[in-house]
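A quick write-up on the structure given underneath.
The values are calculated or read from the model by the stated rules, or taken from the named source; none is laboratory data. Please read all numbers here as calculations on a predicted model, not as lab measurements. Cβ atoms come from the backbone with ideal geometry, glycine included; neighbour counts cover every protein chain shown. Areas reflect the complete protein model, heavy atoms only, side chains present, ligands, DNA and RNA absent. Shrake-Rupley method; radii C 1.70, N 1.55, O 1.52, S 1.80 Å.
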Amino acid sequence: MYKTPCRRLSGFVGVHVKRKLLQNAPQSNQTFSCLIQLHRRDPSTWLTYQHLNFLKRQYVTKNGSELHQRAIPKQTHSMSIVDERDDSLETQVERIPSINHPITDPVSPPDFVAVKSQPKLSPPKAAVDEKALAERTASKTEAPSVEPPHIYVETDEVRQARLDRQWKQLKLDVSELPDIYSRLSKIKLTALVVITAAAGFSMAPVPFDPLNFFVSSLGTGLASCAANSINQYFEVPFDSNMNRTKNRPLVRGQISPLHAVSFALACGVSGVALLTLAVNPLTGFLGALNIFLYTCCYTPLKRLSITNTWVGAVVGAIPPVMGWTAATGCLEPGALLLGGFLYSWQFPHFNALSWNLREDYSRGGYRMMSVTHPSMCKRVALRHSLALVGLSAVVPALDVTTWTFPVISLPINLYISYLAFRFHQKGDRNSARKLFFCSLWHLPMLLLLALTCKKYSRDGEGSAPSALAPN
């Protein structure tokens, strides 16, 4: 009895479901097509680490699992088939017309000579063939010549030179990594930073701890490597315009930007962690602060304002403070005084260096005192050279050294002040070069003299080395 109503109900539901499916069919087909397209997409277009905004560079691309980089960003004309019919390449050849010798009329015999009538002779067959050949040649010269295009075959040397100018796969030799890492981290500058940090550690009025000294020096060196590597990563487009920096690893394409950033992160994280956990948190904080000031303040300010020199001087003054805090665990006036030495020393050193590199800095777009304010550059170098004399006199007042230090350091301080005065008066390349080379040996000598005049204890509880202690 319920057979007919059930059939009607099921038929009504089936018609309703069919209508809904027909309405949603286009959207379902579009969604299915999108899924298929996403599945078939080339892996080279997937999102990778290189697509992040702060790592995106025009000289890097990702293709599959291989990283490609352009070593020399120059646009070159691609080799193509050269058609000699082109007007720019066609050689105009002067065609010399054929010379047809005129046929002179035969001399008519005189009237008194009797001439026998002869039948007309037809021209020989060879002459007819020669005439037809001449006509065909003339018709060919009048018609435009259709020559096959000339195919340019490049030699192996030309092909290799063309490939070198194009995008190529980075082939990194593992044996070259130590040299690349040393130039990426500016190994000479890092060595100077470690030396100043070691001087601050040695000047602290506490017993010398060799293990703590080694760990603090290692952590400071790693932090310096990280800061220098990030600095080179940010300045690749500008370093390529300067003669002094155009051979850096990132500019020459010896290492990828991702590799450089990974190296910087590894050095920075390990260095700050080593200083924080193995030395003390204060030293670790100073190391992280120095990385931040160098990469996020000094580096962008180089293209904005001449205040970058003062910020860079603060960055250079922090390492001896880090050495002091690594030894004592606290920040004291003696540490700030050692930082003041490094702060003042950097102005005659860097201003003399940048004076002879003004063209390079201007080409790179950096705003340095030597480029935009040359008179201020010379005044600041002289002012801080004289400040080294005053700082040397303050050191014994803080019980960091004995009163012998101001006396024995006076000659070298007066000499660098004299060279700074000559640089201020003349402002030529020779005086700047002499001041710069003097600053290279002045700082190690000054720190060595301070170490020889060090006070080993302020309260008498610390003692001098056992060899000098009375029996």
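Taking amide hydrogens as placed 1.01 Å from N in the peptide plane, the amide H of Thr401 sits under 5 Å from those of Lys455, each at least 5 positions away in sequence or on another chain. Cα centroids of segment 357-372 and segment 194-223: 35 Å apart. Couplings 3J(HN,Hα) of segment 364-375, computed from phi: x, x, 8, 9, 10, 4, 5, 8, 9, 9, x, 5 Hz, in residue order, whole Hz [Karplus 6.51 cos²θ - 1.76 cosθ + 1.60, θ = phi - 60°; x for Gly and Pro].
Here the simple spin-label model places points 7 Å from the Cα toward Cβ, and for Phe437 and Glu332 these points are separated by 4.0 nm. Evaluate the Kirkwood expression for the hydrodynamic radius of segment 172-331, namely the inverse of the mean inverse distance over all pairs of different C-alpha atoms, and round to one decimal in Å. Hydrodynamic radius (Kirkwood, Cα pairs) of segment 172-331 is 16.0 Å. Once Rg and the Kirkwood radius are both taken over the C-alpha atoms of segment 384-426, their ratio Rg/Rh works out to 1.08. 3J(HN,Hα) along segment 290-304: 5, 4, 5, 5, 6, 8, 9, 10, 5, 4, x, 5, 4, 9, 10 Hz, from the Karplus curve 6.51 cos²θ - 1.76 cosθ + 1.60 with θ = phi - 60°, whole Hz, x for Gly and Pro. Solvent-accessible area per residue in segment 172-331 equals 41 Å², computed with a 1.4 angstrom probe and all protein chains kept.
Considering only protein heavy atoms and a probe of 1.4 Å, how much of the accessible area of segment 332-455 is carbon and sulfur, as a whole percent?
Values: 3530 of 5280 Å².
The nonpolar share, carbon plus sulfur, comes to 67 percent.
Which whole-number percent of Cα pairs in segment 260-408 have a distance greater than 28 Å? Working shown, then result.
On the way: 3521 of 11026 pairs.
Here the tail beyond 28 Å accounts for 32 percent of pairs.
A straight chain from Lys426 to Phe292 at 0.36 nm per residue would run longer than the Cα-Cα distance by 44.5 nm.
Atom-type composition of the exposed protein surface of segment 172-331 places 72 percent of the accessible area on carbon and sulfur (1.4 angstrom probe).
Spin-label model, Glu176 to Asn241: label points 7 Å out along the Cα-to-beta-carbon direction sit 2.7 nm apart.
For a 32 Å ceiling on Cα separation, which of these pairs sit above it: Lys186/Lys378; Lys302/Lys426; Lys246/Lys454; Lys378/Lys455; Lys246/Lys434? Present the calculation step by step, with values, prior to reporting the outcome.
Details: Lys186/Lys378 27 Å; Lys302/Lys426 26 Å; Lys246/Lys454 43 Å; Lys378/Lys455 36 Å; Lys246/Lys434 25 Å.
The pairs that break the limit, which is 32 Å between Cα atoms, are Lys246/Lys454; Lys378/Lys455.
Quick one: pull the percentage of alpha-carbon pairs in segment 332-455 with a separation above 21 Å. In whole percent, the share of Cα-Cα pairs in segment 332-455 beyond 21 Å is 39.
Stretched out straight at 0.36 nm per residue, the stretch from Phe208 to Ser270 would grow longer than its current Cα-Cα span by 19.9 nm. Each label was represented as a point 7 Å from its Cα along the Cα-to-Cβ direction; for Val261 and Arg303 these points are 1.6 nm apart.
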